[in-house]
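Take a look at the structure below.
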Amino acid sequence: MDTQQVLLHMNHGMGDNSYAHNSIIQKKVMREAKAIVEESIMRLYAIIPIHCFKVADLGCSSGPNALQLVSNVIDIVDCSSSNLNLKPPVFQFFLNDLFGNDFNSIFKSLPQFSEIIEEKKGQKCGACFINATPGTFYKRLFPNNFLHFVHSSFSLHWLSQAPKELGNEENVHLTSTTPPAMHKAYLEQFRKDFKLFLKLRSQELVPKGGMVLTLIGRDKTQKTHDIRTAWSLIGTTLNDMVLENLIEAIKLESFDLPLYDPTIEEAKEVIEDEGSFTLQRLESVILDWSTNIKEAVEDENNNNLDLNTKAEFTTKFVRAALEPLLKAQFGEKIMDELFVRYKNKIVQLIMEVKLLEFSTLIISLIKKV
Ligand SMILES: C[S@@+](CC[C@H](N)C(=O)[O-])C[C@H]1O[C@@H](n2cnc3c(N)ncnc32)[C@H](O)[C@@H]1O
């Protein structure tokens with residue numbers, strides 16, 4: 001098994017640097033895609049008679065977002081059942097993530113979650129069974145023709161592994177100085193992984209089953225700084241620490257982030273080449289980072305939005321997702337120092353560029369019959 005798939009997980013628990021406390025941006029992405037999820041489920045529900053509605057959320061992580069899809073699907077189906085005058089189905093949800101995911105914290109939140117659903121829906125809603133399905137979504141997770149709907153939010157930009165190409169020693173991702181062979185190797189890895197993902201899901205979905213995916217994307221025409229800047233500043237920070245002998249150079253040379261942000265065209269080409277799905281929608285939503293931070297911080301009743309707050313927010317967003325991998329490669333001892341330095345770089349970046357944006361791809365697919 002690939003070590004990255006064993007080591008990768010978001011920061012556990014409920015602490016200051018946990019994913020649970022630093023995933024507001026991801027929650028906003030789910031909100032952006034909700035209408036498309038609704039469209040996909042309503043279509044499905046109108047054409048396939050469903051007694052037990054089987055739904056998988058791939059890369060669910062932990063924290064408040066982990067059960068968000070369950071709640072959204074129950075709402076959507078409840079509404080469709082009333083409109084179509086149908087008896088609501090029984091629900092079976094499968095929450096998937098890698099083996100290191102903090103499934104325990106999801107399990108602990110289930111009794112309270114069930115109470116809220118029961119209070120909201122009463123007897124109207126069909127019974128709801130929630131299961132965990134640990135494992136990589138780059139392998140089979142379910143039997144043939146089993147699922148009605150697959151969802152994956154903000155997870156598919158994680159590759160099964162970083163490309164093994166040489167020549168990117170001082171960086172941890174793609175930058176303007178990265179050799180073209182490395183850019184090509186990342187794109188090839190994405191093509192291979194995404195194609196495999198589609199093939200596996202097409203085996204697991206029932207004919208006409210639906211799938212909605214969101215992932216970090218890249219806008220070819222984008223002139224402002226995108227998420228790659230945030231990733232590459234991790235490399236610059238680590239490189240500074242190598243120069244000060246705080247990190248061994250060899251550790252940096254052998255490390256690249258297993259992340260890729262495809263353009264709309266790159267994603268479309270793989271979907272068409274794989275061939276099992278009809279493309280319903282493929283959209284790119286540009287998220288203006290500063291507005292999102294403002295909203296997110298205000299969500300938490302903090303109106304004092306200065307440069308430091310913005311940099312702190314961005315640093316914690318990156319730390320919650322990347323720390324476990326970085327810790328495994330560079331050791332726990334340097335983590336606080338790394339992220340103090342990283343935050344200073346983000347302060348500089350915000351002062352220089354003012355506008356940080358990133359693009360999210362939203363893809364809606366139907367399994368061909
Ligand atoms: C940024 S989190 C998104 C979590 C959640 N869907 C949300 O929107 O908040 C990405 C998740 O994808 C998971 N992931 C990455 N690669 C995966 C794989 N190959 N199989 C299953 N899960 C994976 C990570 O462990 C992580 O929990």
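Quick notes on this one:
- Applying the condition of being modelled with pLDDT under 85 and basic (Lys, Arg) to the stretch 99-133 and asking which residue is farthest from the ligand (Cβ to nearest atom) yields Lys124.
- Qualifying residue in the stretch 36-45 (condition: basic (Lys, Arg) and under 22 Å from Asn131 (Cα atoms)): no
- Filter result (within 30 Å of Pro179 (Cβ to Cβ) and of a type in the set (Phe, Trp, Tyr)) within the stretch 149-164: Phe154, Trp158
- Sole residue being assigned to a helix (DSSP H, G or I), out of contact with any His (no Cβ under 6 Å at 6 or more places or on another chain) and closer than 28 Å to Phe194 by Cβ, chosen from Ser40, Ser80: Ser40
- Test result for Phe190, among the aromatic types (Phe, Trp, Tyr), under 30 Å from Phe94 (Cα atoms), within 22 Å of the chain's Cα centre (by Cα) and in a helix (DSSP H, G or I): yes
- The residues of the stretch 242-266 that are more than 20 Å from Ile25 (Cβ to Cβ) and of a type in the set (A, V, I, L, M), listed by number, are Val242, Leu243, Leu246, Ile247, Ala249, Ile250, Leu252, Ile264.
- Subset of the stretch 51-89 [open to solvent by less than 40 Å² (accessible area, probe 1.4 Å) and among the aliphatic types (A, V, I, L, M)]: Val55, Ala56, Leu58, Ala66, Leu67, Leu69, Val70, Val73, Ile74, Ile76, Val77
- Among the residues listed as Leu69, Leu84, the single one being within 13 Å of the ligand (Cβ to nearest atom) and not acidic (Asp, Glu): Leu69
- Of all residues in the stretch 33-50 being small (Gly, Ala, Ser) and either within 14 Å of Phe149 (Cβ to Cβ) or within 16 Å of the ligand (Cβ to nearest atom) (or both), the one that is surrounded by the most Cβ atoms within 10 Å (Cβ to Cβ): Ala33
- Asn96 modelled with pLDDT of 85 or more, part of a strand (DSSP E or B) and either open to solvent by less than 30 Å² (accessible area, probe 1.4 Å) or within 12 Å of the ligand (Cβ to nearest atom) (or both): yes
- Helices (runs of 4 or more DSSP H) within the stretch 220-279 that include 2 or more residues crowded, with 18+ Cβ neighbours inside 10 Å: 227-243, 264-274
The values are calculated or read from the model by the stated rules, or taken from the named source; none is laboratory data. Computed from a predicted structure; not experimentally measured. Reconstructed Cβ throughout: ideal geometry from the backbone, glycine too, with neighbour counts over all protein chains shown. Side chains included, ligands, DNA and RNA excluded: accessible areas come from the protein's heavy atoms. Shrake-Rupley method; radii C 1.70, N 1.55, O 1.52, S 1.80 Å.
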